[in-house]
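Report on the following structure.
The values are calculated or read from the model by the stated rules, or taken from the named source; none is laboratory data. All of these numbers come straight from a predicted model, not from anything done at the bench. In this analysis, Cβ positions are derived from the backbone assuming ideal geometry, glycine residues included, and neighbour counts consider all displayed protein chains. We work out accessible area using only protein heavy atoms, side chains counted, and drop any ligands, DNA or RNA first. Shrake-Rupley method; radii C 1.70, N 1.55, O 1.52, S 1.80 Å.
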Amino acid sequence: MLLNKSKLPNVGNTIFTEMSQLALQHNAINLGQGFPDFPMNQELIALVNKAMQDGYNQYAHSDGLPLLRERIAEKIKFLYNTSVDYNKEIIVTPGGTYAIYTSLTAVLNIGDEVIVFEPAYDSYIPAIEVNGAKAVTIPLSFPNYKIDWSEVKNRINSRTKMIMINSPQNPTGTILTGNDIKELINITQGTNILILSDEVYEHLIYDNEKHESILKYPELKERSFVCFSFGKVFNCTGWKLGYCVAPEMLMKEFRKIHQFNCFSCFTPSQIAIAEYLQKKETYLSLSNQLQTKRDYLRELLSDTLFTPIPSKGSYFECYDYSQLSHDDEKTFAVRLTKSVGVAGIPVSAFYKTPVNNHVIRFCFAKKNETLEIAAERLKNAAKKL
Ligand code: PMP
Ligand code: GLN
């Protein structure tokens with residue numbers, strides 16, 4: 001055998017690949033994978049074109065275009081009132097997933113433990129395990145998806161290297177509150193535990209809630225990798241551009257991995273975003289735009305057998321389908337795609353060992369027309385399943 005031992009023996013295609021393919025095959029409306037189907041801003045596209053025309057087509061600085069890092073630091077100062085050294089504490093990455101993977105790879109050693117709350121974004125556990133570390137999973141309560149901090153205390157031991165958090169959370173749309181942050185400060189104070197905070201949905205937060213960035217809390221910021229994605233800020237998930245913010249000591253290790261992996265990111269989009277970031281209203285208006293979408297899908301589904309589990313952020317809202325079917329989540333999601341023509345993501349896919357709460361995740365970052373067709377189909381689901 002050329003290859004006799006897989007590094008990730010239990011990993012197949014991601015649920016996003018699987019459900020998007022199935023949606024395509026069955027001509028289903030895709031409320032599964034999280035990406036907007038409405039156009040992104042034309043002005044930003046024009047700025048990328050201009051950067052290319054102007055000749056910015058060679059490698060950027062490995063840490064990211066300096067002007068972009070400077071603008072990111074300004075944005076962080078404006079939003080979270082904290083200073084970040086753009087020469088030492090920011091690295092631009094090809095997306096948020098890469099920032100997460102690189103942070104983990106930079107610090108994890110064989111046998112280290114990382115606390116992960118489930119349901120968890122699907123890249124976390126494989127990225128921990130491929131580095132020889134162990135994911136210690138703690139379930140969020142159901143149906144409120146809250147962290148049980150006493151359980152976190154119970155699970156911490158001398159091998160605990162890191163706690164991963166994600167707010168607004170994928171797939172549940174829950175957010176961390178000031179109280180959660182206090183608990184996190186108490187638990188980590190006086191320890192060497194690192195934090196990885198996935199904040200790719202920082203601007204997608206609803207109902208007048210405020211994003212509790214780790215960057216706002218010096219006690220946490222000093223031990224954290226904080227990961228972001230421009231794909232989510234400018235409705236261009238396919239651009240795969242993001243960044244990581246961390247203290248110099250952590251960034252030094254991050255840079256060692258990054259410089260031998262992608263080295264540097266696509267230059268034209270960095271030039272364009274550096275300019276575009278100055279228009280604060282583009283990211284400050286996102287919450288309103290997407291909250292309208294969340295509410296619209298909720299309203300459209302109000303006379304169906306899908307019951308929302310309220311989302312406070314992200315592109316997603318989870319729906320309980322137990323009035324409609326007792327199928328497990330994966331079976332239900334596949335049948336819904338094939339028979340009803342609407343694809344969603346089974347929340348069970350975000351657990352190491354699938355649980356079955358009869359919950360499906362829908363992405364509402366779609367044109368109204370897309371949401372309307374999906375809702376019309378979902379209204380008739382009982383007849384078709
Ligand atoms: N974290 C979470 C929770 C996400 O939902 C996503 C979405 N893809 C990412 C990270 C990564 O984003 P990117 O596409 O920039 O890699
Ligand atoms: N983050 C997106 C989601 O949760 C998908 C990303 C991907 O396809 N890997 O749906």
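Surface composition of the range 78-138: carbon and sulfur make up 49 percent of the accessible area, probe 1.4 Å. The Kirkwood hydrodynamic radius of the range 90-152, based on inverse pair distances between different Cα atoms, is 12.7 Å. How much length is gained on full extension from Asn261 to Gln58, taking 0.36 nm per residue of separation minus their Cα-Cα distance? Working it through step by step, the gained length comes to 71.4 nm. Every pair of different Cα atoms in the range 229-323 enters the Kirkwood calculation, which places the hydrodynamic radius at 16.7 Å. Think of the range 60-118 as a dipole: +1 on every Lys or Arg Cβ, -1 on every Asp or Glu Cβ, centred on the Cα centre; then among Leu68, Phe117, Ile90, Leu68 lies furthest on the positive end.
Net charge of the neighbourhood of Leu22, taken over other residues with C-beta under 14 Å away and scored Lys/Arg +1, Asp/Glu -1, is +2. The stretch between Phe38 and Lys77 holds 11.0 nm of extra length on full extension. This uses 0.36 nm per residue minus the Cα-Cα distance. Sparsely packed loop sites in the range 52-117 (the trypsin sites (Lys or Arg not before Pro) outside DSSP H, G, I, E and B with at most 16 other Cβ atoms within 10 Å) comprise Lys88. Of the two radii for the chain, the radius of gyration is 0.96 times the Kirkwood radius, both from the alpha carbons; that is the Rg over Rh value. Here the range 233-250 is scanned for amide nitrogen atoms under 15 Å from the site 7 Å beyond the Cα of Glu70 along Cα-to-Cβ, giving none. Close amide H partners of Ser224, meaning residues 5 or more places away or on another chain with modelled amide H under 5 Å apart, are Ile195.
Within the shell of other residues whose beta carbon sits under 15 angstrom from the beta carbon of Lys252, the net charge comes to -2, with Lys and Arg scored +1 and Asp and Glu -1.
Secondary-structure-derived ellipticity at 222 nm for the chain, considering helices only, amounts to -11000 deg cm²/dmol, per-run term -39500 (n - 2.57) for DSSP H runs with n ≥ 4.
On the range 216-296, 53 percent of the accessible area sits on carbon and sulfur atoms, based on a 1.4 Å probe. Here's the picture: charge each Lys and Arg Cβ at +1 and each Asp and Glu Cβ at -1 in the chain, and of Val226, Asn131, Asn380 the one pushed furthest to the positive end of that dipole is Asn131. A simple charge model with +1 on the Cβ of Lys and Arg, -1 on the Cβ of Asp and Glu and nothing else charged puts the dipole of the range 172-269 at about 420 debye relative to its Cα centre. Dividing the Cα radius of gyration by the Kirkwood radius, what Rg/Rh value follows for the range 168-290? That ratio equals 0.98.
Site pair Trp149 and Leu305 shows an inter-label distance of 4.1 nm when each label is modelled 7 Å from Cα along Cα→Cβ. Partners of Lys153 within straight-line reach, counting lysines whose Cα lies under 18 Å from its Cα and excluding those fewer than 8 residues away in the same chain: Lys134, Lys161, Lys182. Projecting the Cα atoms of Asn368, Phe266, Phe306 onto the charge dipole of the chain (Cβ charges, centred on the Cα centre) puts Phe266 farthest toward the positive pole. Amide hydrogen proximity for Val342: with H placed 1.01 Å from N in the peptide plane, the residues at 5 or more positions away or on another chain lying under 5 Å are Ile29, Thr337. Placing +1 on the Cβ of every Lys and Arg and -1 on the Cβ of every Asp and Glu, with no other charges, gives the chain a dipole of roughly 500 debye about its Cα centre. Dividing the C-alpha radius of gyration of the range 1-96 by 2.2 N^0.38 Å, with N its residue count, gives 1.62.
Subtracting the Cα-Cα distance of Lys280 and Ser322 from 0.36 nm times their residue separation leaves 10.9 nm of extension gain. When its C-alpha radius of gyration is set against 2.2 N^0.38 Å (N residues), the range 177-225 gives a value of 1.18. Pairs spanning more than 30 Å between alpha-carbon atoms, out of Lys77/Lys367; Lys232/Lys252; Lys279/Lys312; Lys216/Lys312; Lys240/Lys379: Lys77/Lys367; Lys240/Lys379. Would you give the gap between the C-alpha center of the range 259-286 and the C-alpha center of the range 190-255, rounded to a whole Å? Between the Cα centre of the range 259-286 and that of the range 190-255, the gap is 15 Å.
Aspartates and glutamates near Lys280 by alpha-carbon distance under 16 Å, same-chain residues fewer than 8 away left out - which ones? Cα-Cα hits under 16 Å: Glu43, Glu70, Glu74, Glu202.
Annotation: the antiparallel percentage among DSSP beta bridges lying fully within the chain is about 50.
Taking chymotrypsin sites (Phe, Trp or Tyr not before Pro) across the range 1-78, the ones in a DSSP loop with at most 10 further Cβ atoms lying within 10 angstrom of their Cβ are Tyr59. In the range 295-385, the alpha-carbon atoms span a convex hull of 87 Å³ per residue. Probing with 1.4 Å while keeping every protein chain in the model, the per residue accessible area of the chain equals 44 Å².
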